Amino acid sequence: YAIWQITSSYRRNSEVAVTMVFVRVQKSKAYFSRYQVKYRRRREGKTDYRQRRKLCTQAKNKYQSPKYRLVVRFTNKQVICQIAYALIDGDRILAQASSLELPRYGLSVGLKNYAAAYCTGLLVARRVLQKLGLDDLYEGNTDVDGEVVSTEVDGTTYFVDEVDEDKRPFRCLLDVGCRATTTGCRIFGALKGAADGGLDIPHSEKRFPGYDRDAKDYDADMHRERIFGGHVGEYMEYLEEEDNQKYQECFASYIANDNEADGLEELYESVHEKIREDPSSSAKKGFSPDKSFKRKAKLTNEERKVRVEEKKAAKRAELEADSDDE
């Protein structure tokens, strides 16, 4: 602490004494001399490096075997699911799927709700297993009931129905980024879709919709209802009865595509079947630039002077015509 007393004398006025209050030195010179700037993505709030280190660090006796992550991210318009692994110079993406691909399978509305997140997780799971040649061995859970599936083999728990003797299931860990892992979050919809698609992802029912933390009870039927868009259909029926104008505004795309509240479960069932039939990614569209457009040639100094004189002459003629009319 430091006390500073300043006494100022003025010739015109009497002497004035100014006493400052106690000032606590919060950060000393030693603090600033040892300050280390954090990583850029930490400063931007984009990467949780404590979480990333745990997800990427592999045991040394695995001989550089990559540790795979199921990366789930939500934007304003879509759900993105990726199977990634880390190398010294950056991450590599083994497979990826986006909810913008779901119109191929018959779902063109509600591309970022819980049901769409489940479909996207299912799509990336079937796609990566097809790429690795494991899609026939591990079909996943075709009967969607919301229950957590697990199998124990030689003291190790695998979150699949059955474990093949020759090839073990593809294991990856959920990467949620900086999102809050609240109960019923859409991230866990993508997790459930990937688990039902045949991936071995360690998880429990404690963050799924339908889990009651106080009673420690899990309602799988409630989770199944979310997977098939039951909560959306219920809200559609409620708005249609209570506020039809708001219903027309909020569900305009559903109405345009003739998607009714009663038919949502059948819609999502058909989407799941089509994803399992063909999970491969669509062919990229070729880009052909428009070469007909040509930039105008730059004028020379003489041409610019001529153009200025023409503009002046046109303006003079316009002013003379106005004066003649008056």
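The values are calculated or read from the model by the stated rules, or taken from the named source; none is laboratory data. From a predicted model like this one, the values you see are computed outputs, not experimental measurements. With ideal geometry, Cβ positions are generated from the backbone for all residues, glycine too; neighbour counts draw on all protein chains shown. Side chains included, ligands, DNA and RNA excluded: accessible areas come from the protein's heavy atoms. Shrake-Rupley method; radii C 1.70, N 1.55, O 1.52, S 1.80 Å.
Can you find a residue in segment 265-287 that is open to solvent by less than 20 Å² (accessible area, probe 1.4 Å), in a helix (DSSP H, G or I), free of Cβ contacts under 8 Å to residues at least 60 places away in the same chain and more than 26 Å from Gln82 (Cα to Cα)?
Looking for residues that are open to solvent by less than 20 Å² (accessible area, probe 1.4 Å), in a helix (DSSP H, G or I), free of Cβ contacts under 8 Å to residues at least 60 places away in the same chain and more than 26 Å from Gln82 (Cα to Cα), one finds none in segment 265-287, hence no.
Can you find a residue in segment 100-118 that is open to solvent by less than 10 Å² (accessible area, probe 1.4 Å) and over 24 Å from Phe251 (Cβ atoms)?
So far as segment 100-118 goes, no, none of its residues is open to solvent by less than 10 Å² (accessible area, probe 1.4 Å) and over 24 Å from Phe251 (Cβ atoms).
Among the residues of segment 18-34, which ones are part of a helix (DSSP H, G or I), of a type outside the set (A, V, I, L, M) and loosely packed, with under 10 Cβ neighbours inside 10 Å?
Result: Lys29, Phe32, Ser33.
Name the single residue, out of those in segment 245-264 being outside any helix (DSSP H, G or I) and polar (S, T, N, Q), that is surrounded by the most Cβ atoms within 10 Å (Cβ to Cβ).
Filtering segment 245-264 for residues outside any helix (DSSP H, G or I) gives 251, 257-260.
This time we only want the ones that are polar (S, T, N, Q), so: 257, 259.
On the way: Asn257: 14, Asn259: 21.
Checked segment 245-264; the qualifying residue surrounded by the most Cβ atoms within 10 Å (Cβ to Cβ) is Asn259.
Does segment 177-199 contain at least one residue that is assigned to a loop (DSSP other than H, G, I, E, B), closer than 27 Å to Gly133 by Cα and in contact with a Lys or Arg (Cβ under 6 Å, 6 or more places away or on another chain)?
Here is the first cut: in segment 177-199, the ones assigned to a loop (DSSP other than H, G, I, E, B) are 177-186, 197-199.
From the residues that got through so far, the ones that are closer than 27 Å to Gly133 by Cα too are 197-199.
Narrowing the set further to residues that are in contact with a Lys or Arg (Cβ under 6 Å, 6 or more places away or on another chain) leaves 197.
Checking segment 177-199: at least one residue is assigned to a loop (DSSP other than H, G, I, E, B), closer than 27 Å to Gly133 by Cα and in contact with a Lys or Arg (Cβ under 6 Å, 6 or more places away or on another chain).
Just to check your reading of the model, which residue among Ala215, Ala220 is open to solvent by less than 50 Å² (accessible area, probe 1.4 Å) and under 29 Å from Asp196 (Cα atoms)?
The conditions single out Ala220.
Answer with yes or no whether Val37 is modelled with pLDDT of 50 or more, open to solvent by 100 Å² or more (accessible area, probe 1.4 Å), among the aliphatic types (A, V, I, L, M) and out of contact with any Pro (no Cβ under 8 Å at 6 or more places or on another chain).
No, not satisfied.
Within segment 40-57, restricting attention to residues that are closer than 23 Å to Thr75 by Cβ and in a loop (DSSP other than H, G, I, E, B), which residue is most open to solvent (accessible area, probe 1.4 Å)?
This residue is Lys46.
Run down Ile88, Ile80 and say which single residue is loosely packed, with under 14 Cβ neighbours inside 10 Å and either out of contact with any Pro (no Cβ under 8 Å at 6 or more places or on another chain) or over 17 Å from Phe170 (Cα atoms) (or both).
Numbers: Ile80 fails: loosely packed, with under 14 Cβ neighbours inside 10 Å.
Of Ile88, Ile80, the one residue that is loosely packed, with under 14 Cβ neighbours inside 10 Å and either out of contact with any Pro (no Cβ under 8 Å at 6 or more places or on another chain) or over 17 Å from Phe170 (Cα atoms) (or both) is Ile88.
Being part of a loop (DSSP other than H, G, I, E, B) and either open to solvent by 60 Å² or more (accessible area, probe 1.4 Å) or in contact (Cβ under 8 Å) with a residue 60 or more places away in the chain (or both) is the filter here; which residues of segment 200-212 pass it?
Correct list: Ile201, Phe208, Pro209, Gly210.
Report yes if some residue within segment 152-165 is part of a strand (DSSP E or B) and surrounded by 24 or more Cβ atoms within 10 Å (Cβ to Cβ); otherwise report no.
In the first step, residues of segment 152-165 are kept if they are part of a strand (DSSP E or B); the result is 152-153, 156-158.
Filter again for surrounded by 24 or more Cβ atoms within 10 Å (Cβ to Cβ), leaving none.
Taking every residue of segment 152-165 in turn, none turns out to be part of a strand (DSSP E or B) and surrounded by 24 or more Cβ atoms within 10 Å (Cβ to Cβ).
Six or more apart or on different chains, Cβ atoms under 6 Å: show the pairs whose first residue is in segment 84-110 and farther than 19 Å from Lys131 by Cα and whose second is assigned to a helix (DSSP H, G or I) and open to solvent by 60 Å² or more (accessible area, probe 1.4 Å).
Tyr105/Lys274
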